[in-house]
Structures are given as structure tokens and as C-alpha cells.
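See below for the structure under consideration.
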Amino acid sequence: MLTLSRVSRRYGETVALSGVDFVVPENTYMSLLGASGSGKTTLLRLIAGFEEPDQGEISIDGDRIDGQPSHLRDIGFVFQNFALFPHLTVAENVAFGLRYRAHAPLTKEAEIKDRTEDMMALVGLSGFGHRAVSAISGGQRQRVALARTLVCEPRIVLLDEPLGALDANLRARMCDELKAIRERLGVSFLHVTGSETEALTMGDKVAVLADGRIMQSDAPDMLFNQPGNAEAARHLNAWNIFEAGLCRGDVSSGTIAVRFDQMDVSAEGAAPQGRPALGAKYLTGEFNGPTALSFFRADDGTLLQVIDHLSQPRLPDLVEGQRYDIHFAPQALRQFHGAA
Amino acid sequence: MSALSTDTHFATPHSPAELREKKDRRRAISLLTPGLLWMFFFMVLPMAMVIYVSFWTQTTFSVNSTLTTASWKHFLSSATYLSAIWTTLRIWLIVLISTVVVGYPVALFIGLFVRNKTLQTALLVACVIPFWTSFLIRVIAWRPMLGTEGAINVILMKLGIISEPLTFLLFSEFSVLVGMTQIYCVFMVGPITFMLGRIDISVIEAARDLGASFGTIFRRIILPLSLPGVIVGAIFVSVMVLGEFATAASLSGRKVNLLGNIIVSQVGSLKWAFAAVAGVVLTIIITAVIALALRLVDLRKEM
């Protein structure tokens, strides 16, 4: 179990992390969702020991690891750009940790070869061992980076946007494979990403990092359906967040959120009774294949999005620039306390 | 109608793609021409002339174009000349090693530990500052440093470490080695720094994350990745040191005779054929050294 308590890190005037409290349980796929610049990579670098926190404690299973040199921490790190050793072959890359680690390196070549080959088979690289790392594809490099880390059997594996450098098809396949590989090895993965779909698909648990703090850490469906605060909701890219005062009808005050797919549109003044409603101008639509997204501008300038599924269309024909009523069921509303 | 149009199509001598290719080829040739002409007239032709002259007949004060191998026989059987070859090779090897020993750590510091590009450039420029003065001044400046009443001897005597001045410091092979190392070190630092600067820092972090200590990372990652820089630096240093004569002339007190010094003195006494023989021998040695260096590392891969 990896535990971070009150971890802070500043770069000059910029605060990257301020008092992060975070737990990655045993045998878990944990996704960490954050916008670019939210401090995700910094968090991983602190755990791996490439940098040290200004304040706070990092520990694994109770022993404190901050302050320890990174090569003795026994933590795996998969780099976004893979960071393969360019002068070594695929097999030499994978065997590097086993052969050259300072703590308990393997000396028997046969054992190194066996473990390297087993791991390459696990990630689907059998037969590529003799290739130069410059002579393989992006997806294969990703596998080398993963195999190189996993073969050392680290206590936890940190993945820094591991799918960012891959194209869309490959990304979907690697998602499944990463999950399967993790389940076979039983080690915890901490996967950092800026994509909410990736975070929700991959994670047994998903944490949202914003403003240098963990906003919420929950199971994916829980997080998606019941975000605990406006920040968490904003990162899911599925919630309209606006002031309750915009709505007609009996709505409480403060910041509220309603999911894109739980909002309906009707002609101005035609909103059904008993449903909170607000007036907004239709801006434009975006057709995404199975779904269509419509953008509205509320009276205070807030952008609202309504999602429509092609198989069950429920929106009327919309004319750009015209005003409509947007309404939703009272129970679809989520209210946040405190500042947004 | 269709037959006619096919005919005209075939009659067109060049397609646009062919014309473009032709134009590209012409541009490439016009870029190459000045360099090729220069190389031909001022290198290939003189080189051939030197080889030719080495077979001319040498008399005491003149040389004539009757072909003979006498100069070659004289050169290869003379202990003076053979020992000059040996001295040249020995000094080259020692200077090569000492420039690596002094230069590599400097390059390691600038290329790997300084990650700010501006500071890196500033430090590299600082390495070149001695070159703002002339070669001769740099060489002769070693005399007041190393001489019997020079700075080093005075300081060591003042400190009471020695009671008599060290005489091996100046006008010896030692002073030649010191002078050459100082002058040529920067040619080693430059290429190595360049290669080290190209190493992705995350590659080193990855090795650290896999459990390797700094020593292991240096041996297994940093050193192999910077080796092409060492080879390029070694080629620069070798070419310059093997052809050297000025450092030896002004710092050795005529005790060290390099092939370069032999050429200078032979030309001075109008022994053109002997000088040509020494020149050819020197060229062969330099070619062999470069060929060997290029065999060690495949530079094509690094470009």
C-alpha cells in the first residue's frame, strides 16, 4: 500500500502540489486524472524519487521512502516517451534491471534469459529480443518499457501517460492488455492520464488531481455519478456546472451540476411543469457519430452542453442563435457546498 | 483521336517529375563543385606531387626529377627518422589519453550536469577563450610557468616541498605533453559535450528507477552513448597532434623530434625529396589512425 500524506512541492513561486493525501491500495489499478499542469507528473516523480517533496511523507507498507535514493526504492516507472536505452537491443533493455540493479542483481545468465523471455512473452514481444529499439513500432516500444519495468517485480508501478504516444486503435488495445497484465501480476498500478475516458475505463479506482490536491478518490461509477465537488465534476467532462440562481422553479442556491445526458431542450416557455428550467441561446452542434453534442450559452455566459444519443433522439430541431428552455428532473441535480 | 493523344503523350520527352529530378540533380552538383575543385587543385594534386617528389634524386643542395628510391631507403634505414616516427606515435598516444582524461570529466559536467542550454553554451565558449590569443603565445606562455625559475618551481620552493628547481618541467618531453594537452583538450571536450547533451535525461532516470547506481549508469548508459563523441574528438586531436611541430620546437629545447619537425628542418635545408618522404609517411600514419578510429564506432548510426 502506497500512502502519501500532506505532500507538497513548489517550484519557485509555483505550487505544483499542496498537501496531497492519497492512498493506492494493494493489488489495485488506480487512475489519476488531472489536466495538464495539474501536478500529475510531479506526483509520480516524487514517488519514484527523481525529486523530493518540500513537505509531507511518502511511505510504502509503512516504511517511509522519501529521502531514499531512487534506485533503492523498488518502484517501477513507465515513462511517457518510454525512455528506452537506445544503444541496447529489446532483450538487453528488458534485462537491464535484473542484471545491473544495485540491490540483489541476478548473476546467472540463464536465469536472466528465462525471466526476460517470460516477461517478453507476457507483453507480447516474443521473438523481438534481438531487435534494436529503433527498429520497432511505437506500440512495441511501449511494451518494452512495460516489460523492462515489470520484470524487476517492483512494489508498485507508476505509469506516466503511458498511452499518450500511441495512436487511437493501439491505445484501446493497450488499455485491455495493461489491465490483463496487471491482474496476472497482482501488483498495483498508478496510471496518470489527462483523459477522463482512459481514467474511467482503466481504473478500479479513479482519483482526480486539481489545484495541487486530490479532489476525490473513488470507484469510477461512483465518481462519475456522484462527483463530490465541482472540480471533480469538471474533470469528468460530462457535467454542466452552473449557478442555481439561473433556474426558474424551486431550486436551492449555490453551484449545481447536471449531467449532459440528463438535460432536455424545449421551445422557449414550453418547459414541462415541475422540472427546473433555464433559458439559453443555442450556439452550435457537434456530431460525434453515435452521439451529438449541442452547445448553449446561459444568460450569465456559462456554456451548457446537452448530449443526444442517435438511437434515442430527444432534442427538437434547433436553430442557431435562437433561445430555448433547458430543463431537467429535480433528482438529476447535484449540489456542491462551498466554493466551486 | 485517342491514338493521336497517346502519341503526343509518348512524344513528350520529359515528364514534370523527370524535369524536377533533373533540376534537383543540377542544384546538388552546383553545390558540390566549389568544394570539389578546391579539393582537387589544393589537395589531391599537391598530394600526388608530394608522392612524386619523394622519388626524386636528392643531392646536397638541389633536387632533380630523375626517379629513384634512394630517399625512401635512406629514410627507412636511418635511426633518426625511425625514432622520429616512434616519438610521434608515443607523444600522440599520450596526448590522446591525457586529453580524454582531462576532457571527459569537463564534458560530463557541461553536457550532463548543466541542463541549462545558455549556461552550457557559455561554459563551452569559456573553454575556447585561450584560442582568442595566437597559438604561439599559448605555447610560449608555458615557459614562465614551467621554467627553472618559473611559477611552479618558485611556488614549490616557497612551500618548501622541493629544495632545488625541477628541471624536467621545461625543455623536455614532459613540457611538450603538457603544452599539447592544454591546446588540444578543447577539441575533445566539444564533441563529447555534444553527444552527452543529446542523452535524454529520462533515459538516465529510467536506469536509476530500474535500480542501477550512478557508477553502473555511467558504465552501461552514459559512456557507451558518448563514445561517438570521444571518437570524433580523438580524430580531431590525432590529426592535429600527428602533424604538430611548433609545440615541440618551442617547448622541447630540440630534444623531441616529431615527423613534423623533420619536415620543417628538411625543407629548411632544401632537402625536398626527404621532406616529401616524411610527408608521405605522416599522411599514411594519419590515414591509418582515422581508419582505425572509424572502425571502432559506426558514426553513420549517430548522424
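Any read-out appearing in this document is the output of simple, stated calculations on the displayed coordinates, not a laboratory observation. Since the structure is predicted, the reported quantities are computational estimates derived from the model, not experimental observations. Methodologically, a virtual Cβ is constructed for each residue, glycine included, from the backbone with ideal geometry; neighbour enumeration extends over all protein chains shown.
Relative to the 2.2 N^0.38 Å rule of thumb, the protein assembly as shown has a C-alpha radius of gyration ratio of 1.43. Relative to the dominant Cα principal axis of chain A, helix A:90-100 is inclined by about 70°. Of all the options B:Thr80, B:Thr88, B:Thr60, the one that moves most in a Gaussian network model of chain B with Cα springs shorter than 10 angstrom is B:Thr60. Based on DSSP loop calls and a cut-off of at most 11 other Cβ atoms within 10 Å, the longest stretch of chain B free of exposed trypsin sites (Lys or Arg not before Pro) is what? Result for the longest clean stretch: B:116-253. Here the stretch B:14-53 is treated as a Stokes sphere of Kirkwood radius computed over C-alpha pairs; at 10 °C and 1.306 mPa s its diffusion coefficient rounds to 131 µm²/s. Annotation note: GluC sites (Glu not before Pro) in the stretch A:1-110 located in DSSP loop regions with a Cβ neighbour count of at most 13 within 10 Å are A:Glu13, A:Glu26.
Using the Kirkwood radius built from alpha carbon pairs, what does the Stokes-Einstein equation give as D for chain A at 10 °C and 1.306 mPa s, in µm² per second? Walk me through the numbers on the way to the answer.
Numbers: Rh = 22.4 Å.
In µm²/s, the coefficient rounds to 71.
Sorting the Cα pairs of the stretch A:65-127 by distance into bins of 5 Å, from 0 upward, gives 3, 15, 21, 26, 21, 8, 4, 1, 0 percent per bin.
Distances between placed amide hydrogens fall under 5 Å for A:Asp54 paired with A:Ser8, A:Arg9, A:Arg10, all partners being 5 or more residues away or on another chain. When all C-alpha to C-alpha distances in the stretch B:150-272 are sorted into bins of 5 Å, what percent of pairs does each bin hold, rounded to whole numbers? Result, from short to long distances: 2, 10, 13, 12, 11, 11, 11, 11, 9, 6, 3, 1, 1, 0 percent.
Counting other beta carbons within 10 Å of each Cβ, put B:Ile155, A:Ile65, B:Ile235 in order, fewest first. Each step should come with its number before you reach the end.
Working: B:Ile155 11, A:Ile65 22, B:Ile235 19.
Placing the least packed residue first, the sequence is B:Ile155, B:Ile235, A:Ile65.
Calculation over all alpha carbon pairs of the stretch B:213-303 in 10 angstrom steps from 0 returns a P(r) of 15, 32, 25, 17, 9, 2, 0 percent.
Before rounding to the nearest 500, sum -39500 (n - 2.57) across all DSSP H runs of length at least 4 in the protein assembly as shown and divide by the residue total; then give [θ] at 222 nm in deg cm²/dmol. Show your work: numbers first, answer last.
Details: 25 runs with 299 residues, N = 643.
Dividing the helical sum by the residues of the protein assembly as shown leaves -14500 deg cm²/dmol.
Kindly point out which whole DSSP H helices in chain B project their C-alpha atoms 18 angstrom or further along the helix axis while averaging a Kyte-Doolittle hydropathy of 0.0 or above. Provide the component values of the computation, followed by the final result.
On the way: long enough: B:16-39 (35 Å, -0.55); B:79-108 (43 Å, 1.60); B:173-197 (35 Å, 1.47); B:223-242 (27 Å, 2.31); B:272-296 (36 Å, 2.33).
Answer set is B:79-108, B:173-197, B:223-242, B:272-296.
Given axes a ≥ b ≥ c from the Cα gyration tensor, I'd like to know whether the stretch B:1-127 is rounded (a/c under 1.5), prolate (a/b larger than b/c) or oblate. Don't skip to the end; give the middle numbers.
Numbers: a/c = 4.26, a/b = 1.37, b/c = 3.12.
Since a/c reaches 1.5 but b/c is at least a/b, the shape of the stretch B:1-127 is classed as oblate.
In order along the stretch A:180-191, the Karplus-derived 3J(HN,Hα) couplings, from 6.51 cos²θ - 1.76 cosθ + 1.60 at θ = phi - 60°, round to 5, 4, 4, 5, 5, 8, x, 9, 7, 10, 10, 10 Hz, and Gly and Pro are given as x. Placing one equal scatterer on every Cα of the stretch B:76-302 and applying the Debye formula, the log10 ratio I(q)/I(0) at q = 0.08, 0.12 Å⁻¹ is -0.38, -0.79. Electrostatic tally near A:Met215: other residues with Cβ closer than 15 Å to its Cβ, Lys and Arg +1, Asp and Glu -1, net 0. Computed from Cα atoms, the angle from the helix A:138-150 axis to the main principal axis of chain A rounds to 60 degrees.
Taking 37 °C and 0.692 mPa s as the conditions, I'd like the Stokes-Einstein D for the stretch A:119-201 in µm²/s, using the Kirkwood hydrodynamic radius from alpha carbon pairs. It diffuses with D of about 246 µm²/s by this estimate. The chymotrypsin sites (Phe, Trp or Tyr not before Pro) of the stretch B:243-296 include none that DSSP puts in a loop with a beta carbon having at most 13 other beta carbons within 10 Å. Of the GluC sites (Glu not before Pro) in the stretch A:217-302, which ones lie in a loop per DSSP and count no more than 13 other C-beta atoms within 10 Å? Within the stretch A:217-302, the qualifying GluC sites (Glu not before Pro) (loop, at most 13 other Cβ atoms within 10 Å) are A:Glu268.
May I ask you to derive the relative contact order of the stretch B:76-302, considering only C-alpha pairs under 8 Å and at least 6 residues apart, and to give it as an integer percent?
Values: 238 pairs, mean separation 58.9, N = 227.
Taking the mean separation of contacting Cα pairs over the length of the stretch B:76-302, I get 26 percent.
Straight-line cross-link reach from B:Lys271 at under 24 Å between alpha-carbon atoms covers these lysines, not counting any fewer than eight positions away in the same chain: B:Lys73, B:Lys255. Could you work out which residue, out of A:His235, A:His327, A:His191, moves most in a Gaussian network model of chain A, that is, has the largest mean-square fluctuation with Cα springs under 10 Å? Ranking A:His235, A:His327, A:His191 by mean-square fluctuation puts A:His327 first. Residues A:His130, A:His87 in ascending order of nearby Cβ atoms (within 10 Å, fewest first): A:His130, A:His87.
Footprinting exposure proxy ranking of A:Arg6, A:Arg334, fewest other C-beta atoms within 10 angstrom first, gives A:Arg6, A:Arg334. Size descriptors for the stretch A:239-336: radius of gyration and Dmax over Cα atoms are 12.5, 37 Å.
Rounded to two decimal places and with Rh computed the Kirkwood way over Cα pairs, what is Rg over Rh for the stretch A:21-117?
Working: Rg = 15.9 Å, Rh = 15.9 Å.
Rg/Rh for the stretch A:21-117 comes to 1.01.
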